Amino acid sequence: MLPTGDYSQPLPAPALTPAVRQLDDLPSDVLNKLLAGLPASEVARSSVLSQTWRSRWESVAGLDIDLDDRVRDWESAAGFLERCAAPVRGVSIRGIPLRLFDRADGWVRTVAGKSPRSLSLALPMPTAVPSLFACDPAALAAHKLITRVLPTPPPAFTGFRGLTALDLDYVMFSGDKGWERLEAMISAAAPTLEKLRLANTAFDFDHVAPGEGLPGTWIIQAPNLRWLELRLTMAGAGSLS
């Protein structure tokens, strides 16, 4: 969880302690590696250590950022996302208040610019987040979505090719050819995919042409797949487990 507060306002400069001086003596790459191993909230709090450290956290790449229902000020949390260095190791966003759920796509757009290796997004109600497709397809290795609508990707999108884990829960593939788009998403990641979970994944029955439906045979060619769970739903046509 991130600390609350306005990261844009200057803080009074405290006196340097011996411990802070010792940290300042470390090479930048070593210090960044040490800080990246800490929770993002602790790294952000380092801004109170000294004048030099006020924005030190902004240069630390590889952070794990966890935003959940303990966040009291989501505006400050969004500001943290904008200012943190790229790439980030992972971002988890859940517990967004209902009054702010429609801003999720903007936050995902910010996250996408940080080239995350993992992204977990849980929304309070089904919401389309097209900015997901702006994530670096070669960098994203783990992807978890809960309660959201997956729109048709842009024509230039070729899939998340480096995924090792894909977890879709209560995700609706809206629009035409939802099943084919899911197949394409899995096929793009197949060479590296190790874990696949499709729970309560739904397809828009209104966009299925007469006589068409789920394929009779579906072959997942993922040589490294170790864990599989399927529980699918076609709106108006029941479920498949």
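The values are calculated or read from the model by the stated rules, or taken from the named source; none is laboratory data. In this text, all values refer to a predicted model and were calculated from it rather than measured experimentally. Note that each Cβ is placed from the backbone with ideal geometry, even for glycine, and that neighbours are counted across all protein chains shown.
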Which of (1) in contact with a strand residue (DSSP E or B) (Cβ under 8 Å, 6 or more places away or on another chain); (2) hydrophobic (A, V, I, L, M, F, W, C); (3) more than 25 Å from Lys114 (Cβ to Cβ); (4) modelled with pLDDT of 85 or more is the odd one out, the single condition Ala190 does not satisfy? (1)
Which one is modelled with the highest pLDDT among residues in segment 221-238 that are assigned to a loop (DSSP other than H, G, I, E, B) and within 12 Å of Leu166 (Cβ to Cβ)? Leu225
Just one listed residue, out of Leu140, Leu166, Leu150, is within 11 Å of the chain's Cα centre (by Cα) and under 19 Å from Arg197 (Cα atoms), and it is Leu140
For segment 182-202, name all the residues that are β-branched (Val, Ile, Thr) and in a helix (DSSP H, G or I). Ile186
Any residue in segment 56-67 that is under 13 Å from the mean Cα position of the chain (by Cα) and among the acidic types (Asp, Glu)? yes
For segment 129-165, which residues satisfy the criterion of being surrounded by fewer than 17 Cβ atoms within 10 Å (Cβ to Cβ), of a type in the set (Gly, Ala, Ser) and more than 25 Å from Val60 (Cβ to Cβ)? Ala156
Among the residues in segment 80-103, are any in a helix (DSSP H, G or I), of a type in the set (Asp, Glu) and more than 28 Å from Ala199 (Cα to Cα)? yes
